[in-house]
Amino acid sequence: QVQLVESGGGLVQPGGSLRLSCAASGIIFSFTSMGWYRQAPGKERELVASIRNDGYTNYADSVKGRFFISRDNTKNTVYLQMNVLKPEDTAVYYCNRLSPRLTWGRGTQVTVSS
(Lines give C-alpha, C1' and ligand atoms only; values in the text may rest on other atoms or scores of the structure.)
Protein backbone atom coordinates (compact mmCIF):
# COMPACT_ATOMS: atom_id res chain seq x y z
CA GLN A 1 0.00 0.00 0.00
CA VAL A 2 1.42 3.34 -1.07
CA GLN A 3 1.59 5.90 1.70
CA LEU A 4 3.18 9.32 2.13
CA VAL A 5 3.41 10.77 5.63
CA GLU A 6 4.62 14.32 6.11
CA SER A 7 5.76 15.76 9.42
CA GLY A 8 7.75 18.58 10.96
CA GLY A 9 5.51 21.56 10.35
CA GLY A 10 4.58 24.15 12.94
CA LEU A 11 4.43 27.80 13.84
CA VAL A 12 7.64 29.75 13.36
CA GLN A 13 8.57 33.41 13.38
CA PRO A 14 9.77 35.14 10.23
CA GLY A 15 13.43 34.39 9.68
CA GLY A 16 13.17 31.07 11.44
CA SER A 17 13.79 27.54 10.18
CA LEU A 18 11.95 24.25 10.00
CA ARG A 19 12.83 20.81 8.71
CA LEU A 20 10.09 18.77 7.13
CA SER A 21 10.20 15.01 6.66
CA CYS A 22 8.25 12.73 4.37
CA ALA A 23 8.26 8.99 4.87
CA ALA A 24 7.24 6.97 1.83
CA SER A 25 6.13 3.37 1.71
CA GLY A 26 4.86 1.06 -0.99
CA ILE A 27 7.22 2.34 -3.68
CA ILE A 28 10.80 1.61 -4.75
CA PHE A 29 11.96 4.84 -3.18
CA SER A 30 15.56 4.82 -4.42
CA PHE A 31 14.32 4.80 -8.04
CA THR A 32 11.79 7.56 -7.46
CA SER A 33 12.13 11.28 -8.09
CA MET A 34 10.35 13.17 -5.34
CA GLY A 35 9.06 16.66 -4.80
CA TRP A 36 7.84 18.94 -2.06
CA TYR A 37 4.70 20.88 -2.86
CA ARG A 38 2.76 23.49 -0.97
CA GLN A 39 -0.74 24.89 -1.05
CA ALA A 40 -1.58 28.20 0.53
CA PRO A 41 -5.18 29.20 1.30
CA GLY A 42 -6.99 30.17 -1.88
CA LYS A 43 -4.09 29.17 -4.10
CA GLU A 44 -3.24 26.17 -6.24
CA ARG A 45 -0.77 23.59 -5.11
CA GLU A 46 2.72 24.36 -6.37
CA LEU A 47 5.98 22.45 -6.62
CA VAL A 48 8.69 24.13 -4.55
CA ALA A 49 11.56 21.64 -4.63
CA SER A 50 12.41 18.35 -6.28
CA ILE A 51 15.12 15.74 -6.09
CA ARG A 52 15.74 13.09 -8.71
CA ASN A 53 16.81 9.57 -7.91
CA ASP A 54 20.35 10.58 -8.94
CA GLY A 55 20.32 13.42 -6.40
CA TYR A 56 19.85 16.32 -8.82
CA THR A 57 17.81 19.05 -7.19
CA ASN A 58 15.68 21.88 -8.48
CA TYR A 59 13.86 24.74 -6.76
CA ALA A 60 11.15 27.25 -7.43
CA ASP A 61 12.51 30.77 -7.69
CA SER A 62 10.55 31.81 -4.61
CA VAL A 63 12.51 29.44 -2.35
CA LYS A 64 15.87 29.21 -4.09
CA GLY A 65 18.73 29.75 -1.66
CA ARG A 66 16.45 29.32 1.37
CA PHE A 67 15.03 25.80 1.01
CA PHE A 68 17.08 22.65 0.56
CA ILE A 69 15.73 19.23 -0.36
CA SER A 70 17.53 16.00 0.46
CA ARG A 71 16.79 12.31 0.67
CA ASP A 72 17.83 9.24 2.63
CA ASN A 73 17.15 6.15 0.57
CA THR A 74 17.94 3.88 3.52
CA LYS A 75 14.97 5.42 5.36
CA ASN A 76 12.69 5.97 2.36
CA THR A 77 12.51 9.59 3.47
CA VAL A 78 12.77 12.95 1.77
CA TYR A 79 13.48 16.14 3.71
CA LEU A 80 12.95 19.83 3.20
CA GLN A 81 15.15 22.19 5.18
CA MET A 82 13.49 25.60 5.19
CA ASN A 83 15.51 28.62 6.28
CA VAL A 84 14.81 32.36 6.45
CA LEU A 85 11.11 31.64 6.43
CA LYS A 86 8.73 34.35 5.30
CA PRO A 87 5.01 34.85 5.96
CA GLU A 88 4.35 34.00 2.31
CA ASP A 89 5.77 30.52 2.94
CA THR A 90 2.70 29.78 5.06
CA ALA A 91 0.97 26.77 3.52
CA VAL A 92 0.28 23.08 3.87
CA TYR A 93 3.33 21.21 2.61
CA TYR A 94 3.09 17.86 0.85
CA CYS A 95 5.53 15.46 -0.69
CA ASN A 96 4.84 13.30 -3.71
CA ARG A 97 6.44 11.49 -6.56
CA LEU A 98 7.12 13.83 -9.46
CA SER A 99 5.40 11.69 -12.06
CA PRO A 100 3.06 10.01 -12.02
CA ARG A 101 1.83 11.37 -8.74
CA LEU A 102 0.67 9.12 -5.95
CA THR A 103 -2.29 9.60 -3.66
CA TRP A 104 -1.60 12.74 -1.63
CA GLY A 105 -0.83 12.48 2.05
CA ARG A 106 -2.36 14.74 4.68
CA GLY A 107 0.46 17.25 4.50
CA THR A 108 1.97 19.27 7.30
CA GLN A 109 0.99 22.84 8.15
CA VAL A 110 3.68 25.51 8.16
CA THR A 111 2.70 28.89 9.57
CA VAL A 112 5.15 31.78 9.51
CA SER A 113 3.96 34.58 11.71
CA SER A 114 5.15 36.88 14.47
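Worth pointing out:
- Computed E for Val2/Glu88 - FRET, C-beta separation, R0 25 angstrom, nearest 0.05: 0.20
- Whole-Å semi-axes of the chain's equivalent ellipsoid (Cα gyration tensor): 22, 14, 13
- Remark: C-alpha extents of region 31-96 on the principal axes read 34, 21, 18 Å, sorted largest to smallest.
- Charge-dipole axis of region 24-114 as Lys and Arg at +1 and Asp and Glu at -1 on Cβ define it, positive-most pick from Trp104, Gln81, Ser33: Trp104
- Size of electric dipole in the chain: Cβ of Lys, Arg +1 and of Asp, Glu -1, about Cα centre, debye, nearest 20: 100
- FRET E, pair Arg101, Asp61, Förster distance 22 Å, beta-carbon r, rounded to 0.05: 0.50
- Solvent-accessible area per residue for region 58-114 (1.4 angstrom probe, square angstrom): 53
- Sulfur and carbon atoms: percent of accessible area, region 7-114 [1.4 Å]: 48
The values are calculated or read from the model by the stated rules, or taken from the named source; none is laboratory data. Just so we're clear, the structure is a prediction, and the values are computed from it rather than from any experiment. Counting neighbours? That spans all protein chains shown, and the Cβs are built from the backbone with ideal geometry, glycine included. To get the accessible areas, we keep the full protein, side chains included, count just its heavy atoms, and leave off ligands, DNA and RNA. Shrake-Rupley method; radii C 1.70, N 1.55, O 1.52, S 1.80 Å.
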